[in-house]
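Q: Sharing a structure below in structure tokens format, with a few things to ask.
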Amino acid sequence: MALLKTLDLLHRWTGGIIGLLLALLGLSGALLVHRDAWVSLPHSSDSQVTDTAHIAAAVDRIMADPGTRPTGIIFANENFGLHRLSYKGDAGAYVDQAGNVVTRWQSQWERPELWIFDFHHHLFAGDSGEVVIGVVGLCGLFFVISGAILWWRTRRTFAFRLWPKRMTRSAIGRQHRDLGIVMAPLLLLSLYTGVTMVFRPTAALVLGPSAPALIDRSLKAPRPTGARLADKLDWGAMIRIAREHFPDAEFRGLSMPRKDSGLITLRMKQPAEWLPNGRSTFYFAADTGKLVDARDALAMPAQVRGYNMLYPLHAAKVGGLAYRLIMTLSGLALTVLGSLTVWAFWFKRRATPVMPSSSISPAASM
């Protein structure tokens with residue numbers, strides 16, 4: 001009994017402190033699940049171009065001028081017909097699949113889909129914010145597990161409600177408890193997959209104790225060369241080389257060298273991969289454009305392939321509209337649970353009972 005009281009105390013106080021942040025993460029996640037649908041721009045509904053020569057020509061056009069060359073390209077996909085270019089800082093642009101600029105921005109605040117993504121993944125604070133997100137996710141897992149334990153005592157009074165019957169503290173508590181147990185499986189999936197992307201060692205819980213080291217080793221880039229990015233490279237040749245390796249794959253991303261790596265990274269997604277940007281990766285020398293290394297995502301160890309499935313499960317990048325709606329429900333449930341918890345904990349205090357006048361003794365009234 002004492003243990004359950006302590007667990008209940010921890011559950012309530014921790015929820016009262018970080019519940020609002022969990023609610024905001026749930027809401028932003030629900031919005032991001034449908035990002036390709038609500039970002040509406042000219043040519044955004046164009047069909048995805050898969051012709052190698054067309055893609056090579058577009059990349060050559062985009063990367064031709066060293067002075068205006070982006071730091072990265074995210075290629076169009078079957079749901080969104082524009083390439084997204086990234087520049088230093090928060091600047092960027094959308095271009096059509098021929099390389100023509102559709103819109104530009106100098107700050108992510110000009111594009112809602114970008115700042116919502118940055119909040120959900122980094123809390124606007126880069127790597128430090130990502131760590132905070134991971135810690136909050138761990139707390140969320142604690143809430144789901146401890147909430148299920150605490151619910152067991154009151155299981156006979158279960159009554160599922162999407163919204164409290166009354167906006168009293170006790171009614172909010174009952175709705176929180178019963179909605180939480182219904183949504184527990186989805187919340188565990190959302191929170192665990194999110195946490196594992198931040199804290200890779202947690203992958204060991206599902207993929208085995210050897211998984212974290214194996215994942216690190218398999219996904220580690222080749223040794224840095226320090227080569228300087230040349231002003232003129234045959235970008236189209238890189239596209240053609242990658243296509244020769246994986247004829248059925250789609251191009252997903254092209255990134256310039258980071259720090260002193262001296263490597264240009266090109267990512268492809270094979271049909272059997274779940275990861276939206278794929279993990280089949282090519283590394284080219286930044287000074288010559290020659291192929292340095294090629295990685296086949298489907299040839300990676302089973303634990304690594306399993307790890308590559310976590311983000312698609314988290315972000316509903318598999319399963320079509322049905323699964324997107326399921327993960328939307330998970331995000332909205334987290335929003336309701338977190339926000340009402342904070343409101344009830346801090347603002348909806350228990351009313352002080354008023355003693356009936358008939359119970360007051362004559363002596364006390366004198």
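Q: Which value in deg cm²/dmol, rounded to the nearest 500, describes the helix-derived mean residue ellipticity at 222 nm for the chain, given -39,500 (n - 2.57) per DSSP H run of n ≥ 4 and division by the residue count?
A: -16000 deg cm²/dmol, from helical runs alone.
Q: Which entries of Lys232/Lys259; Lys220/Lys290; Lys88/Lys317; Lys220/Lys259 show an alpha-carbon separation above 26 angstrom in the structure shown?
A: Lys88/Lys317
Q: A further question on this structure: Just order 315-321, 152-158 by mean Cβ neighbour count inside 10 Å, highest at the front, would you?
A: Highest mean packing first, the order is 315-321, 152-158.
Q: Shifting gears a bit: Output ³J(HN,Hα) for region 232-240: one whole-Hz value per residue in order, computed from phi by the Karplus curve 6.51 cos²θ - 1.76 cosθ + 1.60 with θ = phi - 60°, and x for Gly and Pro.
A: Karplus-based 3J(HN,Hα) across region 232-240 equals 10, 9, 8, 5, x, 5, 4, 4, 5 Hz.
Q: Of the listed values (i) 81, 49, 36; (ii) 98, 45, 36; (iii) 63, 45, 37, identify the label whose number matches Cα extents along the principal axes in Å calculated from this model.
A: (ii)
Q: Taking a label point 7 Å from the Cα of Met1 along the Cα→Cβ vector, which residues of region 118-154 have an amide N closer than 20 Å to it?
A: Output list for this probe position: 149-154.
Q: Would you please name the trypsin sites (Lys or Arg not before Pro) within region 208-244 that are DSSP coil residues with at most 12 other C-beta atoms within 10 Å of their C-beta?
A: When the trypsin sites (Lys or Arg not before Pro) of region 208-244 are filtered for loop state and at most 12 Cβ neighbours within 10 Å, Lys220, Arg228, Lys232 remain.
Q: In addition: Please work out how much length the chain gains when fully extended from Phe347 to Trp38, using 0.36 nm per residue of separation minus the C-alpha to C-alpha distance, in nm with one decimal.
A: Here the answer is 107.7 nm.
Q: Quick check: net charge around Gly15, other residues with Cβ under 13 Å of its Cβ, Lys/Arg +1 and Asp/Glu -1?
A: That works out to +1.
Q: Quick one: what are the phi-derived ³J(HN,Hα) couplings along region 115-122, Karplus 6.51/-1.76/1.60 with θ = phi - 60°, whole Hz, x for glycine and proline?
A: Listing the rounded values in order: 6, 5, 4, 5, 5, 5, 9, 9 Hz.
Quick note: the coordinates plus some simple rules give every number you see, no bench work behind them. Worth saying up front: this structure is predicted, and the values here are computed from it rather than measured. Please note: Cβ atoms are built from the backbone with ideal geometry, for glycine as well, and neighbour counts cover all protein chains shown.
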